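Notes for the one structure printed next.
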Amino acid sequence: MTRFFAFCGAFFLYALAIVRSFLSLPLYFVEIMKQVYFIGNRSLGLTSFSGLSIGVVLALQTIGILQKFGAVSYVATVVSLSIVKELGPVITALMVAGRAGSGVCAQIGSMKVTRQVAAMQIMNVDPIRFLLRTRVLAFIISTPVLTLMAILVGNIGGMAIAVSVGNISTLEYMNKVMDFVTLADILEAVVKSLCFGLLIGLVSTYLGYTVQGGTREVGIKTTDTVVISSMLIFFFDILITKVF
């Protein structure tokens, strides 16, 4: 229990240090863009496929239920709201944590083991600003974009099933989506994904930066990154949903 509270305290202080560094210069914009490409390139295919799968499965399950009540046309409402408000942001964040979060943790942990971080300090380069802050900002930028892409692909998958299986016209499906999905729903998805991106970035960089042993500890920290990020995603999803 003592170790848990010690970890929480150290992580909280680290998060404060990173957030304060957002206001300091230089920003290392080129490095941020490199990390955005790295995270997006590693996660785009996985998150898009996850969104497509969710849309297809939701539509298949919902059509079977709504047919019993003669309300098949509302499949668009169920699928779109489920993906936009909940499944899109959460599933995307979990995929990003598993794919890119673990990779960032392993990368930073390896740099610690091979003394590259110490070499940066000797060259008067602040690792907090250059190494850690840039990756946290990259997660904050990338996660909402990946979430919106997953939502779009998921709705396309749901529409394809609704048109082919539920005999619903494309125009009718799109009209239902536009009638029930509001700007507030999309804003909620963006806010969730921003928070999830910040959490994944903080957890992955903190665990990677605190590696002290050899390559074995790098593997342990990488696994911990996925586990802790997933738990925080579910916890903050409940909080944000309650607020909205």
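The values are calculated or read from the model by the stated rules, or taken from the named source; none is laboratory data. In this text, all values refer to a predicted model and were calculated from it rather than measured experimentally. Here the Cβ positions follow ideal geometry from the backbone for every residue, glycine too, while neighbour counts run over all protein chains shown.
Here is how the numbers come out for the structure above:
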| read-out | value |
| --- | --- |
| Identity of the residue in segment 116-142, in contact with a Lys or Arg (Cβ under 9 Å, 6 or more places away or on another chain) and more than 20 Å from residue 212 (Cα to Cα), that ends up surrounded by the fewest Cβ atoms within 10 Å (Cβ to Cβ) | 134 |
| Hits in segment 187-235 (condition: among the acidic types (Asp, Glu) and within 20 Å of residue 132 (Cβ to Cβ)) | 217, 224 |
| Matching helices (runs of 4 or more DSSP H) fully within segment 47-121 where at least 2 residues are under 26 Å from residue 207 (Cβ atoms) and touching a residue at least 12 places away in the same chain (Cβ under 8 Å) | 88-96, 102-113 |
| Residue under evaluation residue 189, criteria (1) in a helix (DSSP H, G or I); (2) out of contact with any Asp or Glu (no Cβ under 9 Å at 6 or more places or on another chain), criterion not met | (2) |
| Any hit, segment 127-150, residues being modelled with pLDDT under 90, among the β-branched types (Val, Ile, Thr) and not in a helix (DSSP H, G or I) | no |
| Selection within segment 143-152 - among the hydrophobic types (A, V, I, L, M, F, W, C) and surrounded by 23 or more Cβ atoms within 10 Å (Cβ to Cβ) | 146, 150, 151 |
| Sole exception among (1) of a type in the set (S, T, N, Q); (2) more than 14 Å from the chain's Cα centre (by Cα); (3) in a helix (DSSP H, G or I) for residue 212, by number | (3) |
| Every residue from segment 153-171 that is closer than 14 Å to residue 80 by Cα and surrounded by 16 or more Cβ atoms within 10 Å (Cβ to Cβ) | 153, 154, 155, 157, 158, 159, 160, 161, 162 |
| Failed item, numbered, when residue 204 is tested on (1) under 20 Å from the mean Cα position of the chain (by Cα); (2) surrounded by fewer than 14 Cβ atoms within 10 Å (Cβ to Cβ); (3) not charged (D, E, K, R) | (2) |
| Hey, residue 35 in a helix (DSSP H, G or I), modelled with pLDDT under 90 and not hydroxyl-bearing (Ser, Thr, Tyr) or not | no |
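To keep it simple, each residue is scored yes or no on (1) of a type in the set (Gly, Ala, Ser); (2) under 30 Å from residue 57 (Cβ atoms); (3) in contact with a helix residue (DSSP H, G or I) (Cβ under 6 Å, 6 or more places away or on another chain).
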position	(1), (2), (3)
85	no, yes, yes
90	no, yes, yes
115	no, no, no
120	no, no, yes
157	yes, yes, yes
164	yes, yes, no
173	no, yes, yes
187	no, yes, no
191	no, yes, no
